[in-house]
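Chemist: Sharing a structure below in structure tokens format, with a few things to ask.
The values are calculated or read from the model by the stated rules, or taken from the named source; none is laboratory data. These figures come from a predicted structure and were not determined experimentally. Note that we place each Cβ from the backbone using ideal geometry, even for glycine, and neighbour counts take in every protein chain shown. We work out accessible area using only protein heavy atoms, side chains counted, and drop any ligands, DNA or RNA first. Shrake-Rupley method; radii C 1.70, N 1.55, O 1.52, S 1.80 Å.
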Amino acid sequence: MKLLKIIGHIIFILVLTTITQIGGIIWCLALFISYKTQKKKRLIFPILYLIFNLLLIPPLARYFGRVKLPIINKPLKPKNWMYPLLFRNYVTPELNKVLKTASKTLEKDGITITYLDANFPFIDRFPLLPHLSHNDGKKIDICFMYKDKKGHKTDKKPSVSGYGAYINNTSNTTSRCIKQGYWQYDFTKYLTFGSFNNLTFDSKNTKKIINQFLASSKTDKIFIEPYLKQGLGLSNKNKIRFHGCQAVRHDDHIHIQIK
């Protein structure tokens, strides 16, 4: 029984480390404190986790060249609490500046930049799964803009996670990639955590967001699906790229990365 508990703890530590980078360390600390104080782990762990998330990690991350993105700031905010809670809302100061500049400019048009996965707070090349490249503080995923039933722009998105609700469920690129053996290309359709069908794609304001990032000299690459690039009338070949079949579909979000 003791061996099974040890194995269970190891598995839990690995899972927490994979999805949060920091959670495994916090769990180990919770186990130690629980042992010393004879208090229950299920009480100690969430308290420790929030202390680390809100108070300890943000200042420590600065020593590793990362800053925490805002959580409740209106012009720039996460899709939901999951991203900051899982320590996935850290970027370099340079990307932070680009995002804040863009959000302040777009706020004048009533547009809020809603972010999804960014990066973990520490260590370059530490993978932020399931992404291939969110490992150096220079990348972030941004939501598209949508309209409600009355045709008004809204901050709401068609899926809970922000991923997996595609603009066009069938596309030539998706079919080609899957036929080539890249089965994972549309895997994010299973990661919506719930979706809604009462929103329509707001091409006009989505294009404004993309153009705002294109205008920045710091922007290196923007990934969206080829059919969206064409449909939105975007012609910047140097910055707007196809992400490749080895990645996942980008007609549910915009990938931004800086130099």
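Chemist: Tell me which of these residue 133 doesn't satisfy, since it passes every other one: (1) under 17 Å from residue 247 (Cβ atoms); (2) at pLDDT 95 or above.
Modeler: (2) is the only condition that residue 133 fails.
Chemist: State yes or no: is residue 90 under 29 Å from residue 147 (Cβ atoms), modelled with pLDDT of 95 or more, hydroxyl-bearing (Ser, Thr, Tyr) and under 16 Å from the mean Cα position of the chain (by Cα)? Before you say what the answer is, go through the steps one by one.
Modeler: Numbers: under 29 Å from residue 147 (Cβ atoms): no; modelled with pLDDT of 95 or more: yes; hydroxyl-bearing (Ser, Thr, Tyr): yes; under 16 Å from the mean Cα position of the chain (by Cα): yes.
No, not satisfied.
Chemist: A further question follows. Before we move on, is residue 109 part of a loop (DSSP other than H, G, I, E, B) and more than 19 Å from residue 220 (Cα to Cα)?
Modeler: yes
Chemist: With respect to the numbered conditions (1) outside any helix (DSSP H, G or I); (2) of a type outside the set (Lys, Arg); (3) open to solvent by 70 Å² or more (accessible area, probe 1.4 Å), which one is the sole condition not fulfilled by residue 187?
Modeler: Residue 187 satisfies every listed condition except (1).
Chemist: Another question, if that's okay. Checking the structure you have, find out if any residue of the range 36-48 is closer than 30 Å to residue 165 by Cβ, surrounded by fewer than 18 Cβ atoms within 10 Å (Cβ to Cβ) and of a type outside the set (Phe, Trp, Tyr). Break it down stepwise before answering.
Modeler: Of the range 36-48, the ones closer than 30 Å to residue 165 by Cβ are none.
No: the range 36-48 contains no residue that is closer than 30 Å to residue 165 by Cβ, surrounded by fewer than 18 Cβ atoms within 10 Å (Cβ to Cβ) and of a type outside the set (Phe, Trp, Tyr).
Chemist: Let me ask you something else. Any idea which of 83, 63 is more than 18 Å from the chain's Cα centre (by Cα) and among the aromatic types (Phe, Trp, Tyr)?
Modeler: On the way: 83 fails: more than 18 Å from the chain's Cα centre (by Cα).
Result of the check over 83, 63: 63.
Chemist: Is there a residue in the range 166-181 that is more than 22 Å from residue 75 (Cβ to Cβ), surrounded by 15 or more Cβ atoms within 10 Å (Cβ to Cβ) and either among the aromatic types (Phe, Trp, Tyr) or free of Cβ contacts under 8 Å to residues at least 40 places away in the same chain (or both)?
Modeler: Scanning the range 166-181, I find at least one residue that is more than 22 Å from residue 75 (Cβ to Cβ), surrounded by 15 or more Cβ atoms within 10 Å (Cβ to Cβ) and either among the aromatic types (Phe, Trp, Tyr) or free of Cβ contacts under 8 Å to residues at least 40 places away in the same chain (or both), so the answer is yes.
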